[in-house]
Every structure is written in C-alpha cells, then in structure tokens.
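Written out below as structure tokens is the structure these notes cover.
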Amino acid sequence: MNTRPPNRTFDVFIRRKTLGAIEKLPLNVQNKVKLLVDDLKEKGPYLAHWKNFRKLGPNRYHCHLGYHWVACWLWFDNQLIIEVYHVGSRENAPY
C-alpha cells in the first residue's frame with residue numbers, strides 16, 4: 001500500500017525521551033535507527049521488509065532492530081507525519 005503522494009516525503013519526529021534512549025544504545029543499533037528513520041521518511045509507516053514488522057493497533061507499528069531492540073511508531077492517519085515513540089529493549093516496549 002502506497003500512502004505517500006508523488007514527490008512527497010513523510011515528516012518523522014522522534015520524542016525527546018526516545019532521542020535520549022537512542023544515544024544510550026549500542027552504535028550498531030543507533031545506525032539501524034537512522035536507516036529506519038530514512039525508510040519511514042521515504043516509504044511511510046508500512047515497512048514490511050523490516051524484521052518482525054507488525055501493526056500494533058490503529059496507526060501503530062513496530063519492528064525489530066536486533067534480537068533485543070525494537071522501534072515503535074505512530075502514523076497520523078491521512079497526514080504525512082510519523083512519530084517514533086519508543087526505541088529500546090523489547091522488554092520495555094509499550095505494547
């Protein structure tokens with residue numbers, strides 16, 4: 001499903017608390033977060049090619065960044081806005 005109008009990208013925001021959590025992650029996981037954000041900007045919230053991509057609920061999604069690490073995001077329906085609200089351990093994920 002293509003949710004992006006031609007020649008438009010999504011605006012991706014990361015919560016301040018989540019930014020602090022990303023800085024504490026291993027460098028290889030931080031690099032995966034950068035790749036994820038780039039994909040979210042270009043392709044939108046549906047990233048089925050990412051490991052363990054799942055819909056968590058209405059407009060909420062997640063994927064695995066590694067065995068212990070996940071990212072969760074929220075898509076504001078019918079808008080080009082995505083908010084990353086969790087990046088960190090699977091054990092502490094808000095789902």
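Note on LYS34: aspartates and glutamates with a C-alpha under 17 Å away, same-chain residues under 8 apart excluded, are ASP11, GLU23, GLU42, GLU83. Assuming charge only on the beta carbon of Lys and Arg (+1) and of Asp and Glu (-1), the dipole of the range 11-89 about its Cα centre is about 260 debye to the nearest 20.
Semi-axes of the equivalent ellipsoid of the chain: what are they in whole Å, largest first, if each equals the square root of 5 times a C-alpha gyration tensor eigenvalue? Don't skip to the answer; put the middle values down first.
Numbers: eigenvalues 88, 37, 31 Å².
They are 21, 14, 12 Å, listed largest first.
How high is the relative contact order of the chain, in percent, with contacts defined as C-alpha pairs under 8 Å that are six or more residues apart? Please report the intermediate quantities before stating the final value.
Details: 152 pairs, mean separation 28.8, N = 95.
Result for the chain is 30 percent.
For the chain, the 222 nm mean residue ellipticity estimated from helices alone, with every DSSP H stretch of n ≥ 4 adding -39500 (n - 2.57) and the total spread over all residues, rounds to -8500 deg cm²/dmol.
Rule-based calculations on the coordinates, nothing more; no lab input. Quick caveat, the model's predicted, so the values are computed rather than measured. Cβ: placed from backbone, ideal geometry, glycine included. Neighbour counts: every protein chain shown.
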